[in-house]
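Below is one structure, written out as C-alpha cells; the observations come after it.
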Amino acid sequence: GLEENPPKPILDTGNILKQGYLEKRSRDHSFFGAEWHKRWCVLNRKTFYYYANEKSKQPRGTFSIEHYSARLVSHLRKDSRKKCCFELTCPGKRTYE
C-alpha cells in the first residue's frame, strides 16, 4: 500500500527510469463500477509515484516497488485499451491496476 509518510516531490530527476501518463483504477467503486483516472506517473529504481498531472509538485501517492511484480491483465477493461492493461502486485499489499 501507500507509505504512511506524506508523499514528497521527486527532487533527483537523474534516477527516473520512466515517466508519462497512465490510467490508474480507483480503489473506491462508484455506482457504475471502478473509475479510471489519468495520472502522471514516475518510476525510479525504488519508488513509483503518481501525480494529478505533469505540472503537479506533490504526488497524489507513492509506494516502494520492492517485492512488486507486474503482469499484463487484459480483462480489466472491455475497450480498445484492454491489451495495454497491467497490474502491480505484492503479497499482503495493495494491488495497483
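The values are calculated or read from the model by the stated rules, or taken from the named source; none is laboratory data. All figures in this text were calculated on a predicted structure; none of them were measured in a lab. All Cβ positions, even for glycine, are placed from backbone atoms using ideal geometry, and neighbour counts span all protein chains on display. Only protein heavy atoms, including side chains, enter the accessible area calculation; ligands, DNA and RNA are left aside. Shrake-Rupley method; radii C 1.70, N 1.55, O 1.52, S 1.80 Å.
At-a-glance table
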read-out	value
Residue check, ARG45 open to solvent by 30 Å² or more (accessible area, probe 1.4 Å), over 15 Å from LEU17 (Cβ atoms) and either of a type in the set (Asp, Glu) or touching a strand residue (DSSP E or B) at 6+ places or on another chain (Cβ under 8 Å) (or both)	no
Scope region 53-88; condition free of Cβ contacts under 8 Å to residues at least 24 places away in the same chain, within 11 Å of the chain's Cα centre (by Cα) and over 15 Å from LYS18 (Cβ atoms); matching residues	GLU87
